[in-house]
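Structure first, then comments.
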Amino acid sequence: MLTALQAPTDLLDEPEKAFVDNVRQYGWTRTKILADEIGPGFSFTTGFWANVQQPELLIFSLKDEISHDVFWDLFRDGQKGEAIPVGVKTSAVFGNLPAYAFPVARRFYQEYLGWSGWFYGGSEEFPCLQIVWPDRSGIFPWEPEFDQEMIGDQTDLTEHGWLASLAD
């Protein structure tokens with residue numbers, strides 16, 4: 001798959017050059033989208049698929065430094081060939097807190113993964129996982145006891161819903 005890494009530099013504008021330079025230098029980059037009246041803020045990666053053959057990642061409503069550190073740890077895991085388990089509770093994301101990773105449905109790529117789509121040549125042929133975290137009590141958004149004050153902090157980007165995406 002061709003990426004923006006192969007694009008002639010003179011065809012890129014300054015933000016595009018900076019974006020590609022980050023991926024070249026670090027292997028990946030993070031895009032942060034601020035919360036607005038439509039939905040919660042989120043961060044996503046670009047470069048995981050191109051450089052360590054691991055899915056790109058997206059996570060909602062975490063502080064910048066936390067999402068950045070989580071992504072760095074997972075990128076390093078990817079460099080060692082370690083993949084995040086999909087559809088099962090795992091401590092591989094946070095260590096001290098369980099999480100789930102679910103495939104992001106392609107219908108959400110354009111709206112949520114703009115820079116990644118651009119980087120991969122307008123293709124939606126790269127995988128992306130949404131990392132879902134629990135409330136302070138370790139309860140996940142699809143569970144009835146989930147803290148209702150946090151209910152709008154994560155948007156379900158799976159094809160058929162988080163509950164349907166759980167591995168058997």
Failed condition for residue 124, given (1) within 19 Å of residue 89 (Cα to Cα); (2) surrounded by 12 or more Cβ atoms within 10 Å (Cβ to Cβ); (3) at pLDDT below 95: (1)
Subset of the stretch 35-71 [touching an Asp or Glu at 6+ places or on another chain (Cβ under 7 Å) and either without any contact (Cβ under 8 Å) to a residue 60 or more places away in the chain or closer than 23 Å to residue 124 by Cβ (or both)]: 40, 44, 45, 46, 48, 49, 60
Only listed residue being hydroxyl-bearing (Ser, Thr, Tyr), loosely packed, with under 11 Cβ neighbours inside 10 Å and at negative phi, chosen from 90, 46, 9: 9
Selection status of residue 82, within 28 Å of residue 143 (Cα to Cα), charged (D, E, K, R) and free of Cβ contacts under 8 Å to residues at least 12 places away in the same chain: no
Subset of the stretch 94-108 that is at pLDDT 95 or above, of a type outside the set (A, V, I, L, M, F, W, C) and surrounded by fewer than 20 Cβ atoms within 10 Å (Cβ to Cβ) - its residue that is farthest from residue 42 (Cα to Cα): 98
Within the stretch 105-145, tally of residues that are of a type in the set (Asp, Glu) and over 26 Å from residue 50 (Cα atoms): 3
Residue in the stretch 7-14 that is within 19 Å of residue 133 (Cβ to Cβ), part of a loop (DSSP other than H, G, I, E, B) and not charged (D, E, K, R) present: no
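Could you please find all residues in the stretch 127-141 being out of contact with any strand residue (DSSP E or B) (no Cβ under 9 Å at 6 or more places or on another chain) and either loosely packed, with under 15 Cβ neighbours inside 10 Å or among the hydrophobic types (A, V, I, L, M, F, W, C) (or both)?
Those that are out of contact with any strand residue (DSSP E or B) (no Cβ under 9 Å at 6 or more places or on another chain) and either loosely packed, with under 15 Cβ neighbours inside 10 Å or among the hydrophobic types (A, V, I, L, M, F, W, C) (or both): 136, 137, 138, 139.
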Residue in the stretch 150-164 that is surrounded by fewer than 14 Cβ atoms within 10 Å (Cβ to Cβ), of a type in the set (S, T, N, Q) and either out of contact with any helix residue (DSSP H, G or I) (no Cβ under 6 Å at 6 or more places or on another chain) or at pLDDT below 95 (or both) present: no
Among the residues listed as 56, 14, the single one being acidic (Asp, Glu) and more than 30 Å from residue 136 (Cβ to Cβ): 14
Residue 104 vs. criteria among the hydrophobic types (A, V, I, L, M, F, W, C), in contact (Cβ under 8 Å) with a residue 12 or more places away in the chain and in contact with a Cys (Cβ under 6 Å, 6 or more places away or on another chain): yes
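The values are calculated or read from the model by the stated rules, or taken from the named source; none is laboratory data. None of these values were measured; they are calculated from a predicted model. Neighbour counts run over all protein chains shown; Cβ positions are idealised from the backbone, glycine included.
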